[in-house]
Amino acid sequence: MKKTVCIIGKPNVGKSTIFNRLIKEKKAIIMDTPGVTRDRIYDSVTYNNKSFFLIDTGGIEIGNEDFNEDIKVQAALAIDESDIILFVVDGKNDLDANDYLIRDMLIKSKKDVIVVVNKIDNDGRKENIYGFYELGFEHLFAVSAEHNLGFKELLDFVTGKMNENEEIKDSTLKFAIIGRPNVGKSSLINALLNEDRVIVSDVAGTTRDAVDTRFTYEKEEYIAIDTAGMRKKGKIYENIEKYSLIRSLKAIERSDVCVLVIDAKEGIIEHDKHIASYAIEAGKGIVIAVNKWDTVKDTDKAISLWQEKVRNEFQFIPYANVVFLSALNKKRIHTLMPEVIKAFNNNQKEIQTSVLNDVITEAVTLHPAPSYKGKRLKIYFVSQTASCPPKFTFNVNNKGLVHFSYERYLENKIRENFDLTGTPIILQFKNKSDR
């Protein structure tokens, strides 16, 4: 399971710039005005084949501003959720009361804290960092977020700590129920369990944390993970809901399959697609469940109309199967688990190399790659190099000749010949000359 790293510090010490350096994009708003970053911002960082969640927080300071107390609460929640804290201080200035306020919060948290002294733009200034050991933390690193200095050493240390206390992987199939608030996620789990195990309410946002529930289906044990509803970022008001988002992302990360629940009464909205993208980016199997089917009239006709609607709206996951059910009265509830199991099995599927090459050879013979400036893509060999999700590596003459439309053609040919329903697949192209 991914670890979580949180960036904490007073205003204007460069937290958002450090966040952007680590995620390698300008996602956090950067301004010289203290207090600009008021909400926590989440993303994922990968370094040396290790991946972790990163949380950026608003600056904490002693003051009476309306939003300052809110920032403290958010920061406390972020600290509580994290495994490692990056405590950012300003290397150009002495420690002040705000730094000591944050220091006291972090000592009480008993979390693993690394002091990051920012704005150390040259080697001569590194002599100034030793005064920051006064904060009382053992590990201290000098960086310059503006000039991208010191981050290799910091990341080496952070990811090195992630080898410790790794969890033993549970082989039980785990599936996360994801979706917007109030689409019936908790009701769906209760319907599967045939009991009221999870709190159900008409009020959106009842489920705050990810809740794991073990149950038996067809004499096999499974784990269903109920997650908090994911709102649009602009509609995330309460601190607890902001706290819930990282829990939902972690639930997706540790699941094998995600069940995206859609409200049949409200229909498909853009945010449903956004939530689906979390599961796809994590490489998870996916099933689409259209809930509240009891509210639909003329269900036989509605199924064909809804299937067409789902295919049109979710064109980026044509491989995801759709089930129509009612968690309220348990109608068609039996259709869900077979699709979850199928998505799980296909996500783990391994395809024999010789058979795979036969399929690709035939596909290229039927439809050769188009030429570009007198050059044509040649595929020498293909093999499956990973699963969960299945990853296929193509050895080619020049990967720069791979057009997205031809890549889609190859993916379609693989899917036509092998049942990969319910799982994303990855196609990687590698020059034959590359080691």
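Charge tally for Asn48 (other residues, Cβ to Cβ under 15 Å; Lys, Arg +1; Asp, Glu -1): +4. In this label model, Arg214 and Phe316 are separated by 3.6 nm, measuring between points 7 Å along each Cα→Cβ vector. Hydrodynamic analysis of region 324-435 uses the Kirkwood radius over alpha carbon pairs. Inserted into Stokes-Einstein at 20 °C and 1.002 mPa s, it gives a translational diffusion coefficient of 136 µm²/s. For Arg311, the accessible surface of its heavy atoms amounts to roughly 90 Å² (probe 1.4 Å, protein chains only, rounded to the nearest 10). A simple spin-label model places the labels of Ser433 and Asn122 4.2 nm from each other, with each point 7 Å out along Cα-to-Cβ. Of all beta bridges DSSP finds with both residues in region 283-419, what is the antiparallel percent, to the nearest 5? Roughly 65 percent of the beta bridges in region 283-419 run antiparallel, per DSSP. Given a Förster distance of 60 Å, report the FRET efficiency between Glu153 and Asn329 from their Cβ-Cβ distance, rounded to the nearest 0.05. In this case the efficiency is close to 0.50. Leu192 contributes about 40 Å² of solvent-accessible surface, heavy atoms of the protein only, 1.4 Å probe.
Legend: translational diffusion of region 264-314 by Stokes-Einstein, Rh = Kirkwood radius over C-alpha pairs, 10 °C, 1.306 mPa s; D = 131 µm²/s.
The alpha-carbon of Lys119 sits under 23 angstrom from the alpha-carbons of these lysines, leaving out residues fewer than 8 places away in its chain: Lys10, Lys15, Lys24, Lys26, Lys27, Lys92, Lys152.
From the cross-link list Lys185/Lys330; Lys185/Lys292; Lys50/Lys110; Lys349/Lys378; Lys174/Lys284, which pairs have alpha carbons spaced over 20 Å apart? Going by Cα-Cα distance, Lys50/Lys110; Lys349/Lys378 fall outside the 20 Å limit. Highest average first, the peptides 138-150, 84-96 ordered by how many other beta carbon atoms sit within 10 Å of their residues are 84-96, 138-150.
Rolling a 1.4 angstrom probe over region 302-435 with all protein chains present gives an accessible area of which 49% lies on carbon and sulfur atoms.
Computed with a 1.4 Å probe on the full set of protein chains, the accessible area for Met105 sits at about 50 Å². Separation of region 2-22 and region 331-373, taken as the distance between their Cα centroids, equals 40 angstrom.
Contact order, relative form, for region 347-435: 34 percent (alpha carbon pairs under 8 Å, 6 or more residues apart, mean separation divided by residue count).
The values are calculated or read from the model by the stated rules, or taken from the named source; none is laboratory data. Please read these numbers as outputs of a predicted model, since none were measured by experiment. Virtual Cβ from ideal backbone geometry, glycine too; neighbours counted across all protein chains shown. Just the protein is used for accessible areas: all its heavy atoms, side chains included, with ligands, DNA and RNA removed. Shrake-Rupley method; radii C 1.70, N 1.55, O 1.52, S 1.80 Å.
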